[in-house]
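Before any comments, here is the structure.
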Amino acid sequence: MATMTSCTIRKATEKDTALVFQLVKDLAEYESMSDECVASEQDIHDLLFGTGAVAEAIIADYNGESAGFALYLHNCSTFAGKKVIYLEDLFVRSHLRGKGIGKALLMRVIELAKERDCARVEWHVLNWNSSAIEFYKSIGAQMKDEWIWAHLILNEDKA
């Protein structure tokens with residue numbers, strides 16, 4: 001568990017399912033993508049804690065309030081021959097931004113990647129989110145403009 005002034009980063013537990021689900025919905029609203037957020041609370045539970053769970057999450061608590069979360073999973077790099085942590089979501093509630101909470105969450109994910117001997121941490125950032133892009137650049141992240149993100153939707157109900 002990582003701690004900074006008034007902020008504690010902790011691993012999400014099964015009891016946090018409803019909170020993580022709410023934070024996912026808050027993130028979708030922030031990104032103006034609420035109509036695309038079709039996951040249920042049970043879906044989030046299954047991703048994080050169900051049989052064959054594929055993801056993990058950490059929660060930031062700030063002065064006793066749930067402030068944000070990071071949700072991540074393992075991918076791999078065949079070129080490096082190692083695991084990679086893919087950061088699916090990083091979100092801090094709007095009224096708590098600017099307090100170092102997002103950085104604390106990201107630094108904890110990076111620590112986990114190092115502990116697990118991963119080659120790197122990867123994520124996507126929306127091109128309009130200039131504050132996030134500048135933040136990521138400030139910690140040394142490289143923007144990979146030469147790569148185009150592609151995905152194929154297999155189930156219209158669960159995009």
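Among the residues that make up the stretch 31-38, is at least one of them surrounded by 18 or more Cβ atoms within 10 Å (Cβ to Cβ) and at pLDDT 95 or above?
So in the stretch 31-38, the residues surrounded by 18 or more Cβ atoms within 10 Å (Cβ to Cβ) come out as none.
No, every residue in the stretch 31-38 fails to be surrounded by 18 or more Cβ atoms within 10 Å (Cβ to Cβ) and at pLDDT 95 or above.
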Might you let me know whether the stretch 78-101 holds any residue that is modelled with pLDDT of 95 or more, surrounded by 14 or more Cβ atoms within 10 Å (Cβ to Cβ) and part of a helix (DSSP H, G or I)? yes
If you check every pair at least six apart or on different chains, which have Cβ atoms under 7 Å apart with a residue in the stretch 30-52 that is over 17 Å from N155 (Cα atoms) and without any contact (Cβ under 8 Å) to a residue 12 or more places away in the chain first and a residue that is of a type in the set (A, V, I, L, M) and part of a helix (DSSP H, G or I) second? S34/A28
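Here's the yes/no breakdown for (1) buried (at least 17 other Cβ atoms within 10 Å of the Cβ); (2) at pLDDT below 95; (3) in a helix (DSSP H, G or I):
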| residue | (1), (2), (3) |
| --- | --- |
| T8 | no, no, no |
| V20 | yes, no, yes |
| K25 | no, no, yes |
| A28 | yes, no, yes |
| L48 | yes, no, yes |
| V54 | no, no, no |
Picking from L106, L71, which residue would you name as being crowded, with 18+ Cβ neighbours inside 10 Å, under 16 Å from D26 (Cβ atoms) and out of contact with any Phe, Trp or Tyr (no Cβ under 6 Å at 6 or more places or on another chain)? L71
If I ask for residues that are over 18 Å from T17 (Cα atoms) and not charged (D, E, K, R), which ones from the stretch 65-86 would you list? H74, N75, C76, S77, T78, F79, A80, G81, V84, I85, Y86
Restricting to the stretch 56-77, what's the tally of residues that are touching a strand residue (DSSP E or B) at 6+ places or on another chain (Cβ under 9 Å) and either modelled with pLDDT under 95 or not aliphatic (A, V, I, L, M) (or both)? 12
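The values are calculated or read from the model by the stated rules, or taken from the named source; none is laboratory data. Being a predicted model, the structure only gives us computed values, none of them experimental. Virtual Cβ from ideal backbone geometry, glycine too; neighbours counted across all protein chains shown.
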